[in-house]
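To keep things clear, I will list the structure first and then write my remarks on it.
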Amino acid sequence: LTMKPYKRTTLGIARAFQNIALFAHMSVLDNLKLGRHIHMNTGLVSGGLYFGKAAKEEVEHRKAVEEVIEFLELQDIRHTPVGTLPYGLQKRVEVGRALALDPELILLDEPMAGMNNAEKEVMARFIIDMHEIKKMTVVLIEHDLGIVMNLSDHIAVLDFGKRIGFGTPAEIQNNPEVIKAYIGEEEVS
């Protein structure tokens with residue numbers, strides 16, 4: 001937790017934030033390209049002049065970003081400024097920027113916060129695909145218990161920062177401490 005963000009990315013760890021941290025005036029494509037920064041080796045001068053190694057590197061990064069655009073079904077809005085998009089699509093772009101890093105492990109902080117049910121279903125499908133198709137480990141921080149139960153293989157439950165449960169969804173649903181914390185003692189009795 002105390003590790004610098006750039007060091008986490010070199011270890012193959014990416015994070016999408018609860019609060020959207022995109023550049024509103026930039027396009028979806030440009031925001032996603034920013035997610036490739038850790039993989040860029042070209043210097044300022046050659047990158048600015050766009051020749052040799054810089055041109056080749058740009059093509060490689062553009063290909064990686066286009067794969068993320070296709071994976072998250074953002075093709076029709078690739079050139080749209082992010083600030084003009086509905087909230088659910090902005091959240092998808094936020095996740096896409098993390099995916100552009102090509103991580104082995106992705107931390108998703110409240111990816112469903114503020115979404116309607118249709119948007120949640122779409123995001124849930126992408127989270128499943130990250131794990132099943134891209135073979136990523138997904139760490140999900142989420143308060144929507146239905147989503148957590150449906151998406152997770154293992155769940156850690158915190159109550160005021162203290163871990164009160166760890167296990168499969170079935171084990172968590174039957175954990176007395178979890179039930180007490182989330183439903184209340186009066187309801188359990």
Result of the Cβ filter at 6 Å on segment 122-141, keeping first residues that are under 22 Å from residue 86 (Cα atoms) and partners that are of a type in the set (Asp, Glu) and modelled with pLDDT of 95 or more, at least 6 apart or interchain, is none
The residue that is modelled with the lowest pLDDT, considering only those in segment 63-73 that are surrounded by 14 or more Cβ atoms within 10 Å (Cβ to Cβ) and farther than 16 Å from residue 127 by Cα, is 64
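One line per residue, one yes/no per condition, for (1) under 16 Å from residue 16 (Cβ atoms); (2) modelled with pLDDT of 95 or more; (3) in contact with a helix residue (DSSP H, G or I) (Cβ under 8 Å, 6 or more places away or on another chain); (4) in a loop (DSSP other than H, G, I, E, B):
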| position | (1), (2), (3), (4) |
| --- | --- |
| 129 | yes, yes, yes, no |
| 138 | yes, yes, yes, no |
| 143 | yes, no, no, yes |
| 147 | yes, no, yes, no |
| 150 | no, no, yes, no |
| 158 | no, no, no, no |
| 179 | no, no, yes, no |
Going through (1) buried (at least 19 other Cβ atoms within 10 Å of the Cβ); (2) under 24 Å from residue 24 (Cα atoms); (3) under 13 Å from the mean Cα position of the chain (by Cα) one by one, residue 130 fails only at (2)
Expected output for segment 20-32 (first residue buried (at least 17 other Cβ atoms within 10 Å of the Cβ), partner small (Gly, Ala, Ser) and not in a strand (DSSP E or B), Cβ below 7 Å, 6+ apart or cross-chain) is 32/96; 32/100
The helices (runs of 4 or more DSSP H) lying wholly within segment 1-57 that contain at least 3 residues that are at pLDDT 65 or above and within 24 Å of residue 104 (Cβ to Cβ) are 5-10, 28-34
Of the conditions (1) closer than 28 Å to residue 166 by Cβ; (2) surrounded by 13 or more Cβ atoms within 10 Å (Cβ to Cβ), the single one that residue 87 does not satisfy is (1)
Counted residues in segment 142-174 being closer than 28 Å to residue 125 by Cβ and either exposed (fewer than 15 other Cβ atoms within 10 Å of the Cβ) or of a type outside the set (Val, Ile, Thr) (or both) come to 22
Expected output for segment 74-93 (first residue under 20 Å from residue 110 (Cβ atoms), partner among the acidic types (Asp, Glu) and surrounded by 12 or more Cβ atoms within 10 Å (Cβ to Cβ), Cβ below 8 Å, 6+ apart or cross-chain) is 87/119; 88/119; 91/119
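Restricting attention to segment 98-123, and to residues there that are in a helix (DSSP H, G or I) and under 11 Å from the mean Cα position of the chain (by Cα), which single residue is nearest to residue 16 (Cα to Cα)?
98
The values are calculated or read from the model by the stated rules, or taken from the named source; none is laboratory data. Predicted, not measured: the structure shown is a model, and the values here were computed from it. Every residue, glycine as well, gets a Cβ built from its backbone with ideal geometry; the counts of neighbours run over all protein chains shown.
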